[in-house]
Structure formats: C-alpha cells, structure tokens
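*Asks:* One structure, pasted below without further comment.
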Amino acid sequence: MSADHNGAVVIVDYGMGNIGSVVNAFDMLGERCVVSQEPAALRRARGIVLPGVGAFAAAMANIRARGLDKAMTARVIGDRIPFLGICLGLQLIAKDSVEHGFTTGLGWIDGHVTRMEPADGLPVPHVGWNDVESRGTSRLFARVADTAHFYFDHTYSLDTADDVVATCRYGGSYVAAIERDNIFAVQFHPEKSQRNGLRVLRNFLTIAAAA
C-alpha cells in the first residue's frame, strides 16, 4: 500500500470488516489503495471505499468515535468525490437500522435497514452466490451482464425505493446496489465475486480517476 495519501483511493478502516480481502482485490487491479482510520487521509482522497462485516450499531459507534462520519460526509456529500460502500458499507449510509436496537446511520440515502424475511422458508443469513439483476444504465455495472452472479453474506438489508440500480431475489426482492451521482454501494461482496466483482471494482476506479 502506498504511504502517500494524496490523490489515493482510501479504504476506511473503522476496526471492523474485511479490509484485507478488499485490499487484495484492488491490488489485483493494479490499484495501490491507502488503508486509514484518520479523517485527514480522507481530505486528500480521490475516492473513498467503506467496506464492512459485522453489526450496524457497533460500526457506527466506531465510525463516530474516530470522527470518520463527519470527514466522510464532508468529502462525499460536500465535495462529491466518488464513494463505494460494500455490504455493511451500503447499509451504513442509510438513515437508520434496527439491528441490535435502533441506530441512526450516516443518512445519505433515504432508506432504512431491516432484518430479511424471505419467503419459502429460506434461511437467514443470506449466504452464497446469487444472480443480481441490474436496472437501466449504471456506471458501476458497465460491461457486466444484466444477470450476473455475486457473493452475498448478510442478515439485514436496505429498504429503499430510491436510487436502486440492481436487485437480487431470495424469497423476495432485495436491494443489491444503489447509485446516485457520486455515491455507489453494493450489498454483495465484489472482492469475493471473482470476475464480475473485479469488473465492478474496476468500474469504480475508472469513475474515481475521471472525477
């Protein structure tokens, strides 16, 4: 990883998540990302990646304790630099979640995180490969098949009608990806989704470079 934060894509480390596998995926694409817990690193970033595995409430507590909520909001909402949320990183940009009690999120997306309740007796969490159906024109899914396989691992999901660019079916329809201006987020794990996942990450890097 580069020690120079200036103009880098920064992967936010808030003490939870699959940082190593995300870094490895970007390494495969030739992108030397910076991993940082420091708000100052975000001020110089050309793109921000927020990965995540774990509980919403604990994640938000860690983010706020480090001052990363204000720093990310300033850059993503204020400066409009490209942002990619992965799995829990998608959920954290919602207004709130009911996981382990009610907790407010970053509030960038008009949506709420609720426990999955799939039909047909399907187990929760939703773990494994699933088709993702993209909608319309999405920069994040450029050159990805309209129905492509991605790897999921989640118990809660984002409930929103806004900015949805991809869905998956698992005893019902669930949000798989959202996209609004400079904000991109996916419920699946692109870093574990082989060729299709690497294509999504490459598309984000292309967007960040152009911005």
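*Asks:* How far apart, in nm, are the 7 Å Cα→Cβ label points at Thr73 and Val124?
*Replies:* About 2.9 nm, to one decimal.
*Asks:* Please identify every one of the chymotrypsin sites (Phe, Trp or Tyr not before Pro) in region 89-174 that sits in a loop by DSSP and has no more than 12 other beta carbons within 10 Å of its own beta carbon.
*Replies:* Phe102
*Asks:* Add +1 for every Lys or Arg and -1 for every Asp or Glu among the other residues with Cβ under 14 Å from the Cβ of Asp13, and state the total.
*Replies:* 0
*Asks:* Scan (i) 20.5; (ii) 10.4; (iii) 11.1 for the value of mean projected area of the Cα convex hull in nm² calculated from this model and give just the label.
*Replies:* (ii)
*Asks:* Can you give the extra length, in nm with one decimal, that the chain gains between Arg80 and Leu29 once fully stretched, where that is 0.36 nm per residue apart less the Cα-Cα distance?
*Replies:* 16.0 nm
*Asks:* Let me ask you something else. Quick one: dipole size for region 60-112, taken about the Cα centre, charges +1 on Lys/Arg Cβ and -1 on Asp/Glu Cβ, in debye to the nearest 20.
*Replies:* The dipole magnitude comes to about 220 debye.
*Asks:* Please give me the summed charge of the neighbours of Tyr156: other residues whose Cβ is under 10 Å from its Cβ, Lys and Arg +1, Asp and Glu -1.
*Replies:* That sum, taken over residues with Cβ under 10 Å, equals -1.
*Asks:* Which three semi-axes in whole Å describe the equivalent ellipsoid of region 1-70, each the square root of 5 times a Cα gyration tensor eigenvalue, listed largest first?
*Replies:* Semi-axes, largest first: 20, 15, 7 Å.
*Asks:* Given the alpha-carbon gyration tensor of region 91-211, what are the semi-axes of its equivalent ellipsoid in whole angstrom, ordered largest first, with each equal to the square root of 5 times an eigenvalue?
*Replies:* 23, 18, 12
*Asks:* Give a quick list of trypsin sites (Lys or Arg not before Pro) in region 75-123 that DSSP marks as loop, anything other than H, G, I, E or B, with at most 15 other Cβ atoms within 10 Å.
*Replies:* Listed in order of number, the matching sites are Arg80, Lys95.
*Asks:* Could you compute the FRET efficiency for Thr147 and Lys95, with r as their C-beta to C-beta distance and R0 at 45 Å, rounded to 0.05?
*Replies:* So the FRET efficiency works out to roughly 0.90.
*Asks:* Once every DSSP H run of n ≥ 4 in the chain is given -39500 (n - 2.57) and the sum is divided by its residues, what mean residue ellipticity at 222 nm do you get, rounded to the nearest 500 deg cm²/dmol?
*Replies:* Rounded to the nearest 500, the figure is -7000 deg cm²/dmol.
Quick note: the coordinates plus some simple rules give every number you see, no bench work behind them. Computed from a predicted structure; not experimentally measured. We place every Cβ from the backbone using ideal geometry, glycine too, and count neighbours over all the protein chains shown.
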